[in-house]
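Colleague: Mind having a look at this structure? Questions to follow.
The values are calculated or read from the model by the stated rules, or taken from the named source; none is laboratory data. Note that the structure is predicted; figures quoted are calculated from it, not measured. Cβ: placed from backbone, ideal geometry, glycine included. Neighbour counts: every protein chain shown. In case anyone asks, the SASA skips ligands and DNA or RNA and just uses the protein heavy atoms, side chains included. Shrake-Rupley method; radii C 1.70, N 1.55, O 1.52, S 1.80 Å.
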Amino acid sequence: MTNANSVNALPDILELPESLANQVGEEYANDARNHVWVQIVRGENNVEELVESFIDGYDLESSAATSTVVAEFITRAMAIRRQQIAALKKAGFSGKSNLTLAFEKLRQQGVLALEDFSCCNNCGHDEATGLMNEDSDRWQAYVFFHEIETEETCLRFYCNRRHICSDEEWQKLDRAQKEALLDKRLQELFIMVLVPTFAEYGMTVEWNGDVQSCMMLKNAFFFRDL
């Protein structure tokens with residue numbers, strides 16, 4: 001079965017150069033290796049930006065020599081990742097994770113599903129709301145996650161009130177009635193759409209029913225080609 005362990009695994013052959021490991025510090029060498037790999041797994045392919053992020057993140061001396069060593073390491077990591085992806089596809093991997101497949105099906109059901117979305121959760125809500133409202137007739141709700149590094153991630157979710165009642169009916173409701181309608185619709189979508197869709201692709205989603213709380217999606221993995 002294809003999963004995060006087989007698709008996104010950090011290969012043992014990717015080792016931090018000794019000169020770079022000395023600068024980072026022995027206790028942080030493996031963390032640094034993982035840091036670069038995670039960015040590449042997420043599809044980041046701008047070597048210059050990755051070099052800058054690495055040097056800043058590990059507070060290294062900003063010099064031409066250091067930049068060259070980091071760039072060489074990142075370039076090698078990218079090459080290894082491309083080889084890994086090619087081998088996976090040759091072995092039958094479709095190029096789509098269970099997350100991507102589930103999100104595709106959610107979109108077919110009128111839920112605007114957005115992977116690896118926005119710069120943070122707060123901005124994500126604003127941007128997802130804007131996208132949902134641009135095609136309000138099509139989208140009954142949105143769901144997104146900002147990032148995933150393990151086999152679980154936090155999902156943010158909200159519904160389109162225009163799929164609940166008309167503007168005229170909405171204006172007649174007080175705040176408590178509006179919140180009750182939105183809560184009811186969110187619960188319905190969670191039970192009738194999200195839970196069975198994620199279950200179809202081997203995932204579970206947990207939620208306490210509070211609109212301020214995120215949903216926790218488990219047994220998920222993310223894949224992006226490079």
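Colleague: Counting only protein heavy atoms and using a 1.4 Å probe, what share of the accessible area of the chain belongs to carbon plus sulfur, as a whole percent? List each step's numbers first, then the result.
Modeller: Numbers: 5700 of 12270 Å².
The computed percentage sits at 46.
Colleague: Could you give the size of the charge dipole of the range 62-168 about its Cα centre, using +1 on the Cβ of each K and R and -1 on the Cβ of each D and E, expressed in debye and rounded to the nearest 20?
Modeller: 660
Colleague: Set Lys and Arg Cβ to +1 and Asp and Glu Cβ to -1, take the dipole of the range 11-111 about its Cα centre, and tell me which of Met78, Gly92, Ala32 lies farthest positive.
Modeller: The Cα lying farthest towards the positive end belongs to Gly92.
Colleague: When ligands, DNA and RNA are left out and all protein chains stay put, how many square angstrom of accessible area per residue does the range 1-125 have with a 1.4 Å probe?
Modeller: Accessible area per residue, the range 1-125: 53 Å².
Colleague: Once the piece of chain linking Leu173 and Asp31 is laid out straight, how much longer is it, given 0.36 nm per residue of separation minus the C-alpha distance between them?
Modeller: 45.8 nm
Colleague: Please build a GNM for the chain, connecting alpha carbons under 10 Å apart, and tell me which residue among Ala102, Ala21, Ala77 fluctuates the most.
Modeller: Ala21
Colleague: Still on this structure, I have one more. For the chain, set up a Gaussian network in which alpha carbons nearer than 10 Å are linked by springs, and say which option among His125, His146, His163 fluctuates the most.
Modeller: The residue with the greatest mean-square fluctuation here is His163.
Colleague: Treating only the Cα positions of the range 74-226 as identical point scatterers, give the base-10 log of I(q)/I(0) from the Debye formula at each q in 0.15, 0.16, 0.20 Å⁻¹.
Modeller: Log-scaled intensity ratios, in q order: -0.83, -0.92, -1.30.
Colleague: Round to the nearest 10 and report in Å² the accessible area of Tyr28, as given by a 1.4 Å probe over the protein chains' heavy atoms.
Modeller: Tyr28 has an accessible surface of roughly 120 Å² with all protein chains in place.
Colleague: Could you give the DSSP H helices of the chain that reach 24 angstrom or more along their long axis (alpha carbon positions) and whose average Kyte-Doolittle hydropathy is no lower than -0.5?
Modeller: Membrane-span-like by this criterion, though nothing is claimed about a membrane: 64-90.
Colleague: Moving on. Work out the charge dipole of the chain with +1 on the Cβ of Lys and Arg and -1 on the Cβ of Asp and Glu about the Cα centre, then indicate which of Met203, Asn219, Met192 is farthest towards its positive end.
Modeller: Met192
Colleague: Under a GNM of the chain (C-alpha, springs under 10 Å), which listed residue has the highest mean-square fluctuation: Asn121, Asn133, Asn22?
Modeller: Asn22
Colleague: Taking the Cα centre of the range 1-116 as the origin, how large is its charge dipole in debye, to the nearest 20, when only Lys and Arg (+1) and Asp and Glu (-1) carry charge on their Cβ atoms?
Modeller: Magnitude of the dipole: close to 1060 debye.
Colleague: Could you give the distance between the Cα centres of the range 100-141 and the range 41-64, to the whole Å?
Modeller: The range 100-141 and the range 41-64 have Cα centres separated by 30 Å.
Colleague: Now, a different point. Could I have the simple spin-label model distance between Gln109 and Asp225, label points 7 Å from Cα toward Cβ, reported in nm to one decimal?
Modeller: A separation of 2.7 nm, rounded to one decimal place.
Colleague: Run the numbers for Glu200 and Ser6: contour at 0.36 nm per residue of separation, minus the present Cα-Cα distance, in nm.
Modeller: Taking Glu200 through Ser6 to full extension adds about 67.8 nm, to one decimal.
Colleague: Between Lys89 and Glu147, take the C-beta separation as r, use R0 = 22 Å, and let me know the FRET efficiency to the nearest 0.05. List each step's numbers first, then the result.
Modeller: On the way: r = 24 Å, r/R0 = 1.08.
FRET efficiency, Lys89 to Glu147: 0.40.
Colleague: Please give the charge dipole size of the chain, origin at the Cα centre, charges +1 on K and R Cβ atoms and -1 on D and E Cβ atoms. Round to the nearest 20 debye. If you can, show how the numbers build up before the last one.
Modeller: Working: 21 positive and 37 negative charges, 227 e Å.
That gives the chain a dipole magnitude of about 1100 debye.
Colleague: Still on this structure, I have one more. Using a/c under 1.5 as the rounded threshold, could you call the range 1-136 rounded, prolate or oblate? The axes a ≥ b ≥ c are square roots of the C-alpha gyration tensor eigenvalues, and prolate needs a/b larger than b/c, oblate otherwise.
Modeller: Details: a/c = 2.93, a/b = 1.58, b/c = 1.86.
Oblate is the answer for the range 1-136, as a/c is 1.5 or above yet b/c matches or exceeds a/b.
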